[in-house]
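The values are calculated or read from the model by the stated rules, or taken from the named source; none is laboratory data. What you are looking at is a predicted structure, and each value in this text was computed from that prediction instead of being measured. When we count neighbours, we look across all protein chains shown, and the Cβ atoms used for this are built from the backbone with ideal geometry, even at glycine. Only protein heavy atoms, including side chains, enter the accessible area calculation; ligands, DNA and RNA are left aside. Shrake-Rupley method; radii C 1.70, N 1.55, O 1.52, S 1.80 Å.
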Amino acid sequence: MKATMNNIFSLHMGRVGVGLMLICATLSGCEKSDEPEQKDWDGTTTYYASGDEKPATTYYAPYTGFVGDPMPFFDQNTKSFKVLYLQEFRPNQATFHPYWGLETKDAANYSPLSQVLPTGSSAEQDAHLGTGCVVYSEAEHLYYIYYTGEREMPKAGEDVQVIMRATSPDFKTWTKDPLFRLRGVVDGYSAQDFRDPCIFFADDLWHMIISTRVGGKGNLVEYTSPNLKDWTHVGIFMPMMWDRFYECPDVFQMGNYWYLVYSELSGGKGKEWGRHVQYFKGHTLADLKACTAGDAGIWPDDHEGFLDSRGFYAGKTATNGTDRLIWGWCPTREGNNNTKTNPEGEPQWAGTLVAHRLIQHEDGSLTLGEVPGIKAKYNKTKEVKAMITTDSCTLYSRLGYQNHLSLTVECADKFGISFARGTDSKKWYTLVVNPEDGGAKRKINFEEEGPEGQGFIKAIDSYKFNKPADNIYHIDIYTDNSVVTMYINDCLAYTNRIYGVARNCWSVNNYGKAINVSDIQLKQY
């Protein structure tokens, strides 16, 4: 059932029903409850202080700890994705970030593999594990993990980071190779930053791309191998733009284009910190490498290749031959505070695993969209009730812990979708579709609205995208506990963490101009 699916609500100034005259325009202070938990979920609209369930299942988080940098790999032997990740504990042990793993066929339902690769001892090179990659040798029937090994307290002359490897015949029992070390200093690269290996196959060779520095400037460097055992230094694959550093590189071919997906670090004292997943593209590998030559900045689209917000990081991809998916992590927030985004530095490191699907457009540009398996998982239709309508918004009935909202909005100006909202709320959290660049563009701003809200929240807004020519926005929003993903017209993906979504009402808001809202559906599982 969907009570509002075929109705169109005209929400504009001056149209307030007679029965709504007793309702505050801000929806504040209308109802109060002394009960610690609302029992009448369908009939009440006051705010409920909900928490996350454990474990999270669609956007995966382990029962204990958090997900760090994911390393996805499609296993042709089992016809499933294996997603390794850096297991983060708070606090971590003396040695930390062992590889834990998951298996999935659809990026919607995961089977834990527990610990896959342990750390070394405090005295060993791999006391801490950093990001790596998995490949399979058909010739040897052997799986390889190439990973970053980082020393706890390096002595003079010792490398902080090197590339190491482990092998397995069955993806269950892994053996570290005590003799293999790929050391950047041997080839003139940094001993401090030499990490995040990415391996792909092209021109009858295996290619390994590593993030490092040359004379202080960030560079991706290249090694090649005919057999996944013996590696030859090639040189610089791509310099990194300006003062930026590209973490977690991922190079792959998709259709007629080659791509580099990377996670960018930039900024400094007094600057807002850049921290996004981005990409470059080229018809050939040579074209791809040329995108950053001499800090050229040959961007792949009109928004510098941004794929998501700062709510999605360390994204790497894998394909099953039909869809290429990307996994990254959505950070938690200190004190479960939705405004703790830390514009000047790192937010809380690690969080929840989030997957998107890569959409390749005719010109080779990429955006992110719904994962088919996740869409199929949310398969139980729930009724949506318009609880209250004022001149500024319509407040809808409560959501569950896992929700797929779809709706169509027609608007020539600005509108918003709010979560964690009740009729007694002094503040709530809104994804505002905001006009930019004189109205030609739009951007998602994250705002804390309401009488006690602080307004715009820095460092968690989206990239800019083109205003629809017909002013129509087809919107899909998925939530799993406090993780929220939003897709608009196959041109925008936006990930954020919003505590308090579950068990609370939500609203669609106008800001003084008419909007039409139609085809509202809610699905859960």
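On the range 33-131, 51 percent of the accessible area sits on carbon and sulfur atoms, based on a 1.4 Å probe.
The C-alpha atoms of the chain occupy a region whose extents along the principal axes are 79, 46, 45 Å, arranged from largest to smallest.
Scalar couplings 3J(HN,Hα) for the range 127-143, obtained by applying the Karplus form with A = 6.51, B = -1.76, C = 1.60 to θ = phi - 60°, are 4, 10, 9, x, 4, x, 7, 10, 9, 10, 9, 5, 4, 9, 6, 9, 8 Hz; x denotes Gly and Pro. Which entries in K82/K289; K176/K340; K172/K281 show an alpha-carbon gap greater than 32 Å? Correct reply: K176/K340; K172/K281. Taking GluC sites (Glu not before Pro) across the range 65-132, the ones in a DSSP loop with at most 16 further Cβ atoms lying within 10 angstrom of their Cβ are E124. Between S111 and A469, the simple spin-label model (points 7 angstrom out along Cα→Cβ) gives 4.8 nm.
Applying 0.36 nm per residue to the separation of D203 and H141 and subtracting their alpha-carbon distance, the gain on full extension is 20.2 nm.
Taking a ≥ b ≥ c as the square roots of the Cα gyration tensor eigenvalues, with a/c under 1.5 meaning rounded and otherwise prolate when a/b beats b/c, else oblate, which class fits the range 279-431?
Prolate, because a/c is 1.5 or more and a/b exceeds b/c.
With R₀ fixed at 30 Å, the C-beta to C-beta distance from D187 to A123 puts the FRET efficiency at about 0.70.
Once all protein chains are placed together, D40 keeps about 80 Å² accessible to a 1.4 angstrom probe.
Treating the beta-carbon of each Lys and Arg as +1 and of each Asp and Glu as -1, no other charges, what is the dipole magnitude of the chain about its Cα centre, to the nearest 20 debye?
Working: 52 positive and 65 negative charges, 160 e Å.
Dipole of the chain, to the nearest 20 debye: 760 debye.
Over all pairs of different C-alpha atoms in the range 124-186, the reciprocal of the mean inverse distance, the Kirkwood hydrodynamic radius, equals 12.4 Å.
Within the assembled protein chains, the solvent-accessible surface assigned to I236 is about 90 Å², based on a 1.4 Å probe.
Highest-first packing order for the peptide set 321-329, 147-155, 348-356 is 348-356, 321-329, 147-155, based on the mean count of other beta carbon atoms within 10 Å.
Per atom type, the range 416-525 shows carbon and sulfur on 43% of its accessible surface, probed at 1.4 Å.
Let's test the formula: R0 of 35 Å, r as the Cβ-Cβ distance of D424 and D323. What FRET efficiency results, to the nearest 0.05?
Working: r = 43 Å, r/R0 = 1.24.
That gives a FRET efficiency of 0.20.
By the Cα gyration tensor, the range 323-390 has an equivalent ellipsoid whose semi-axes, rounded to whole angstrom, run 26, 25, 14 from largest to smallest.
Give, as ranges by residue number, the residues of the range 116-150 whose backbone N falls under 18 Å from the point 7 Å along Cα→Cβ of E158. Output list for this probe position: 119-130, 148-150. Once the convex hull of all Cα atoms in the range 151-310 is built, its volume per residue stands at 167 Å³. Ligands, DNA and RNA are left out, and with a 1.4 angstrom probe the accessible area of the chain is 39 Å² per residue.
Mind ranking H128, H276 by accessible surface for me, highest first, 1.4 Å probe? Walk me through the intermediate numbers first.
Details: H128 15, H276 35 Å².
Ranked list, largest accessible area first: H276, H128.
The alpha carbon gyration tensor of the range 374-525 gives principal lengths a ≥ b ≥ c with a/c below 1.5, which makes the shape rounded. Ligands, DNA and RNA excluded, the heavy atoms of I298 present near 90 Å² of accessible surface to a 1.4 Å solvent probe. Classify the range 221-266 from the C-alpha gyration tensor, please: rounded if a/c falls under 1.5, else prolate or oblate depending on whether a/b exceeds b/c. It is oblate, given that a/c is not under 1.5 and a/b is not larger than b/c.
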